[in-house]
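The values are calculated or read from the model by the stated rules, or taken from the named source; none is laboratory data. What you see is a predicted model, and the numbers here were worked out from it, not measured in a lab. Counting neighbours? That spans all protein chains shown, and the Cβs are built from the backbone with ideal geometry, glycine included.
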C-alpha cells in the first residue's frame, strides 16, 4: 500500500537543538508506522538559539528533507544591540548579559511593529513560490505548519488556498496570547495586524493542533473551528539508550532548559537561602544545577542570596546528555512562567522529566495544565508562586527521602502521540 504524503513546514529542524525541534522530529520518526510519509520543508541557514548535531542521527533515512535559504534581519539586530556576529539570539526575552536598555527597547519595538508576524516573514514569499512548484509536480495529501514562528502558518495558508489542500496548523505556543506579547511595544496597527493574521490562520485551517487544553480553548475563542489536543511527549528509545546512571552524591535539584525572567521566582531563592541558613546538613549536601540558557536576572538573584557556591551552570548539553542529567538528579525543577497565561503553559520538558523516573517539583498554579499532568501521572508536587513554607517543606522532604514517587507517563510516549496524529490526518482526507 502506498503511503499518504504529508508536507510539514517547520523552521526548527536538526541541526537546531532545543525544545522547538523535538515535536516534529519525533512525529516524523514514527509517522511511517501509520502509513504516512512525511516530507520536511525547512530552512537551510536558520538563526537557531542552540545547535545539536546529534539530533541529525534521528532523522529517518527514507524521508525527503527540503531546505531552502532564508534571509533574517538578525545581522542588523546584533549590530544595534552591540552583540557579536556569532552570538545566538535567544527566545523568550532571555538575556545572558547586561542589556543596553535603549537599544534593546528599540529592537523590541522594531521586532513587534515591522516584522509581522515575526522575523521569519521574509521566508514566506520565496517558500510559497518554491512549494507551489513542488506541489504541482508531487502529490501531497495534507499540509502541516508548525509555529512559532507563525510565518510557517502563513506559507501553509497560501498553499491551502491555491491548491485546495487539507491543512493542519500546529500551535506549539500561542500567538497573541504568548506570555511576552505585551512586551513587544505594539502600535494599534501592529496589534490589529497580528490578530488579523492569527484569525485568518485559525479560521482557515482544517484542524488546529494544540499542546494543551487551556491553549486549545483559547484558540477556539479566537476563532478556530476544530481544535485537537496532542501534547508533547517523550521518546522511549531515548530513555532505553541510556545505561543505568547513579544519582549525584550530593542532593541535586536540576532545572533543565531556558530559565527566562518570568520563570525567575523570588520564592525559590528565598526558600533555598532559608534552608541553607537553618540546616547545616542540608547546606553541606545541596547542589542546584542549571542546564541551558539562563537569564542574567537569575544570576543576579543567586548572587544577591549568596548562593553562588551551591549553583552549577551548564550552558549547553546535547539532548542525549540532558536525559542523563535528568536521571542522575534527585529532584527536577519545573518553573512555570508567572504570566497571565500561566494556566495554559505546558513546557515540553515535563514529559521527559516524568520519563526519567525522577520526581518533579513544580512552582506554578495548582489548577494549571502542567499541574494536572503531574497529578495524573503521580509525578511530583506543585507549589504555588507564593507558598514559601510549602516549598521549603517539600524540598526538605525530598532531601530526607520521605517520598516514593514513581511517575507513570506511558500515555505520553511519542509513539502513542504519533498514532493520535495519524488518526487526525486520516480523518481529514
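List of remarks:
- Count of segment 347-376 residues which are part of a loop (DSSP other than H, G, I, E, B) and either modelled with pLDDT under 95 or in contact with a strand residue (DSSP E or B) (Cβ under 9 Å, 6 or more places away or on another chain) (or both): 10
- For segment 236-255, residues that are touching a strand residue (DSSP E or B) at 6+ places or on another chain (Cβ under 6 Å) and modelled with pLDDT of 95 or more total 6.
- Count of segment 199-228 residues which are in a helix (DSSP H, G or I) and under 16 Å from residue 168 (Cβ atoms): 9
- Number of the condition not met by residue 340 [criteria: (1) under 23 Å from residue 173 (Cβ atoms); (2) buried (at least 19 other Cβ atoms within 10 Å of the Cβ)]: (2)
- Flag: residue 162 matches the condition of being part of a helix (DSSP H, G or I) and touching a helix residue (DSSP H, G or I) at 6+ places or on another chain (Cβ under 9 Å).
- Residue match in segment 177-197 (condition: at pLDDT 95 or above and under 30 Å from residue 330 (Cα atoms)): no
- Among the residues making up segment 1-60, those that are in contact with a strand residue (DSSP E or B) (Cβ under 6 Å, 6 or more places away or on another chain), surrounded by fewer than 20 Cβ atoms within 10 Å (Cβ to Cβ) and not in a strand (DSSP E or B) are 3, 15, 44.
- The criterion of at least 1 residues that are surrounded by fewer than 16 Cβ atoms within 10 Å (Cβ to Cβ) is met, among strands (runs of 3 or more DSSP E) falling completely within segment 229-323, by 311-314.
- Each residue in segment 108-149 was checked for being over 20 Å from residue 171 (Cβ atoms) and buried (at least 21 other Cβ atoms within 10 Å of the Cβ), and 1 of them qualify.
- Taken together, 274, 243, 248 contain a single residue that is more than 16 Å from the chain's Cα centre (by Cα), in the same structural domain as residue 362 (by TED's automatic domain parsing) and over 28 Å from residue 319 (Cα atoms), which is 274.
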